[in-house]
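Take a look at the structure set out below.
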Amino acid sequence: MKAREAKHGTVKITAAPHVRTADSTTRIMWSVVLSLLPVVGASIWIFGPSALLVLVASIAGCLLTERLFGERGNSLADGSAMITGLLLGLCLPAGFPLWMAFLGGVFGIGFGKIVFGGLGQNIFNPALLGRAFLQAAFPVAITTWPVRSADWWALRGDNFALPFMSPGASDAITGATPLGNVKFGDDPVITPLFDLFLGNISGSLGETSALLILLGGIYLAIRGHLNWHIPVSILVSVFAFSGLFYLLGLSPFSPGFMLFSGGLMLGAWYMATDMVTSPVTNSGCWIFGVSIGLLVVIIRIWGGLPEGVMYAILLMNALVPFINRATQPRKFGSASDKSEPAAEKGS
Amino acid sequence: MVSRLLQTSGLPSFKNGVHPPENKDLTSAIPSRRLPFPAEIVLPLSQHIGRPAQALVKPGDRVERGDVIAEASGYISSFVHATAAGTVKSIEHWPHPAGAMQPSVRIEVDPHSTQLQRPRLVPHWDEVPEEQLSEEISKAGIVGLGGAAFPSHVKLRPPEDQPVDVLMVNGCECEPYLTSDHRTMLERPEHVHQGIRIVLRALGIRRAVIGIESNKPDAIEIMRDTAPGDLDISVQPLEVKYPQGAEKMLIKAVTGREVPSGKLPSAIGALVQNVATTASVALVFETGQPLIERIMTVSGRGIRQPGNWVIPFGTKLSDVIAACGGLNDDAAEIVFGGPMMGQSQASLDVPVLKATGGILVLSNDECKRQDILPCIRCGKCLEACPVFLNPQLMGALARVDRFEEMAENNLGDCMLCGCCSYVCPSNIPLSQLFAMSKIQLSRLQAA
Ligand code: SF4
Ligand code: SF4
């Protein structure tokens, strides 16, 4: 429904309020994109042209699908498809075949968003849904992690593999991720925390620099473009639960390692905070965040996968409608608060 | 959200709400001046909540300034007075600021009149019984000047079982741009206090609290300095936050208590009057002047000379604009009231009314039109709503005409303050949807 607005000469007739915040959905989305640019830069710096190619492919898949099937003609302009493409690309390994990355983008936007009715209607984070699809369809390719190469220009894998051909033996050296190292390695190596923090490690494009993700997330939180309750509650919950299990001797991961490894930072600051797929109330966001944290810890310690952030968030996405219903704001005037009248305290 | 933390002043307030740019410095330092009497005055019979007044004059009648021209037609109704001397031209339908055409008395102003009102014997307020006080207030046509225009005499008689023990005087003026209450406090503090005294007597109580937002330190100081010593009147500075001046928010800030949903403030022993209302009560008993004019703020970046003016009710918008130097080239929208709750005007012929605290001419930059996008469930509207509604949910329900479900989600508590629309990044006209839904719902319930 459009605001009733008639033009009489130069005079506008609109309903109150006649002023609005400068904030707009479009601006929020593009500032998320902006805040991700350092992470993108770092991934290219670490993984070379392969990183750029993967990002471009997943973004192209998202934008094209949105353009072709999106409900509103100009829905590319709101920036949300761009975010999905970027985030999807950032959770893929650098050597990932481009056609797969493209397909992930098509799936994420098409089945993650458009079938639900477009922006604002979807239940699951489209980037994570795209990633989950790729994980199910191409389990080997998506866990082939390249390491840093001495030659920056070298491709880090079989980026140009053709669809439905068995990928040729890749020359690139692959390495396990720090999480996989601890969990599945024959000879567990604990990656130093400082390397995790700065990103000097093997992993998907955006898993690598916790520092830059943190900075981008804090920037968004300060601008009010993401609800800080979500990342804070996820991180606190991961730290608390993994600390508990570590102390009980149930977990090989120290809490600090848990915080800075894998996709947790990207997930906590950029995936879980997707406004559309997270609760609308702050109390709901606490429940949402704490549950994600707990699930991540459980999957990482006891699950059959090295990484649990994606499934933890997708699972909680599905519960958001229930969380929203359970955390409706209290009706004004229903509190039995008997606080001291200010007038008697003051003056 | 972090910026929200930085904005907390530590002064009493309510939860949620918004901080729109104040824009009060356009006019706050400009003393009020009298607008010249226009050539014609148009007085709608309905300038208040309740039944329209009953006209007592006919075309051709000569009226003096302050004469009654229409009487209250029931308990919840109000009197209307001639705001300038002249001759009644006609009684006809005329554009009303609320939108529709309304029966109005047109008076051709006598250009040679001195515009003095007839001498009138003023009863000494201290000696008349309480009931007569509220009757005099009713006959003077006094209604709430804060915007709602609810007849004041009705408020002065709270339900028997809900005795009022504190009068809250509303000097918050939380709407951006408006400075008329601010000027009233600065220029006529003794009238504000005198009015408070009279209202306290009419209620038979002794305690009043004047709530003023802390962005008006000069008003806080002057109201403190002029407060009489024999009554229990205190001045409470409040956090600058919209809608601090809404009755329930003011009461929450001052007493810490929430008026129960669906109840009047008297349910917790409070009664709210606006500072401009009490100032006009004082005039009734001082000079016998009924409510015929008030200070109005003319502001916005679309008007050449913003300022504060004493304007007789019934003055047409075109005359006000002409007296303020005319419109700037980029003037885009004219609003009666504040930018958050005021009403857009479609005609320059509409008259200003008792409840018109301000006339804003907004420039294109000030009221940019923005595209409406789908709701992204950001939750910002929930964090803005001062009465803890879920505008996100209600907005979704309104779009599919599920009005009864909206009522279950407390649509009735919505005060149409506009905070939700103000913050919505997708520019969904939430409060407008709620206003329309309320109308639809009352139709459904009547049927
Ligand atoms: S307009 Fe109604 S729903 Fe919106 S913020 Fe105000 S009271 Fe809440
Ligand atoms: S502020 Fe607007 S976009 Fe955000 S939840 Fe409310 S209605 Fe939806």
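The values are calculated or read from the model by the stated rules, or taken from the named source; none is laboratory data. Everything numeric in this text was worked out from a predicted model, so none of it was measured. Every residue, glycine among them, receives a Cβ derived from its backbone with ideal geometry; neighbour counts consider all protein chains shown. Calculation scope for accessible area: heavy atoms of the full protein, side chains included, ligands and nucleic acids excluded. Shrake-Rupley method; radii C 1.70, N 1.55, O 1.52, S 1.80 Å.
Yes or no, residue by residue, for (1) surrounded by fewer than 22 Cβ atoms within 10 Å (Cβ to Cβ); (2) under 23 Å from B:ILE295 (Cβ atoms):
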| position | (1), (2) |
| --- | --- |
| B:SER78 | no, yes |
| B:THR83 | no, yes |
| B:GLU92 | yes, no |
| B:PRO95 | yes, no |
| B:GLY99 | yes, no |
| B:PRO103 | yes, no |
| B:VAL122 | yes, yes |
| B:GLU127 | yes, no |
| B:ILE142 | no, yes |
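Just to verify a result, which residue in the range B:335-353, among those that are in a loop (DSSP other than H, G, I, E, B) and in contact with a helix residue (DSSP H, G or I) (Cβ under 9 Å, 6 or more places away or on another chain), is nearest to ligand 2 (Cβ to nearest atom)?
B:MET340
Within the range B:217-234, does at least one residue satisfy the condition of being crowded, with 24+ Cβ neighbours inside 10 Å, away from ligand 1 (no atom under 16 Å from the Cβ) and at pLDDT 95 or above?
Checked the range B:217-234: at least one residue is crowded, with 24+ Cβ neighbours inside 10 Å, away from ligand 1 (no atom under 16 Å from the Cβ) and at pLDDT 95 or above.
When you go through B:ASP329, B:ASP319 one by one, which is the residue that is out of contact with any Asp or Glu (no Cβ under 7 Å at 6 or more places or on another chain), of a type in the set (D, E, K, R), farther than 30 Å from A:ASN282 by Cα and touching a residue at least 60 places away in the same chain (Cβ under 8 Å)?
Of B:ASP329, B:ASP319, the one residue that is out of contact with any Asp or Glu (no Cβ under 7 Å at 6 or more places or on another chain), of a type in the set (D, E, K, R), farther than 30 Å from A:ASN282 by Cα and touching a residue at least 60 places away in the same chain (Cβ under 8 Å) is B:ASP319.
Checking B:LEU362 against (1) within 11 Å of chain A (Cβ to nearest Cβ); (2) of a type outside the set (Val, Ile, Thr); (3) within 26 Å of B:HIS93 (Cβ to Cβ); (4) more than 16 Å from ligand 1 (Cβ to nearest atom), only one condition comes out false. Which one?
(3)
Scan the range B:50-87 residue by residue and report those that are in a strand (DSSP E or B) and not small (Gly, Ala, Ser).
B:ARG51, B:GLN54, B:ARG62, B:VAL63, B:VAL68, B:ILE69, B:GLU71, B:VAL80, B:HIS81, B:THR87
What about B:GLY314, is it more than 9 Å from every other protein chain (Cβ to nearest Cβ), more than 16 Å from ligand 2 (Cβ to nearest atom), farther than 30 Å from B:CYS414 by Cα and buried (at least 21 other Cβ atoms within 10 Å of the Cβ)?
The answer is yes for B:GLY314.
For the range B:248-268, name all the residues that are surrounded by fewer than 21 Cβ atoms within 10 Å (Cβ to Cβ) and under 23 Å from B:LEU145 (Cβ atoms).
B:LEU264, B:SER266
Of the residues B:LEU411, B:LEU441, which is open to solvent by less than 10 Å² (accessible area, probe 1.4 Å) and either within 13 Å of ligand 1 (Cβ to nearest atom) or at pLDDT below 95 (or both)?
B:LEU411
Inspect the range B:278-299 for any residue being of a type in the set (Gly, Ala, Ser) and either free of Cβ contacts under 8 Å to residues at least 40 places away in the same chain or over 30 Å from B:GLU130 (Cβ atoms) (or both) and give the result as yes or no.
yes
Touching a Cys at 6+ places or on another chain (Cβ under 7 Å) and either in the same structural domain as B:VAL240 (by TED's automatic domain parsing) or open to solvent by less than 60 Å² (accessible area, probe 1.4 Å) (or both): is that true of B:CYS420 in this structure?
Taking the combined requirement at face value, the residue satisfies it.
With the checklist (1) modelled with pLDDT of 95 or more; (2) within 14 Å of chain B (Cβ to nearest Cβ); (3) crowded, with 24+ Cβ neighbours inside 10 Å in hand, flag the one item A:PHE332 doesn't pass.
(1)
Does the range A:40-86 hold any residues that are surrounded by 23 or more Cβ atoms within 10 Å (Cβ to Cβ) and acidic (Asp, Glu), and which are they?
Selection gives A:GLU66, A:ASP78.
Is one or more of the residues making up the range B:264-275 assigned to a helix (DSSP H, G or I) and modelled with pLDDT of 95 or more?
Yes: the range B:264-275 contains one or more residues that are assigned to a helix (DSSP H, G or I) and modelled with pLDDT of 95 or more.
Mind counting the residues in the range A:20-39 that are surrounded by fewer than 23 Cβ atoms within 10 Å (Cβ to Cβ), within 14 Å of chain B (Cβ to nearest Cβ) and either of a type outside the set (Ser, Thr, Tyr) or not in a helix (DSSP H, G or I) (or both)?
The qualifying residues number 7.
Restricting to the range A:233-248, what's the tally of residues that are modelled with pLDDT of 95 or more and hydroxyl-bearing (Ser, Thr, Tyr)?
Matching residues across the range A:233-248 total 2.
Checking the condition facing chain A (nearest Cβ under 7 Å) and buried (at least 21 other Cβ atoms within 10 Å of the Cβ), which residue from B:GLN392, B:GLN370 passes?
B:GLN392
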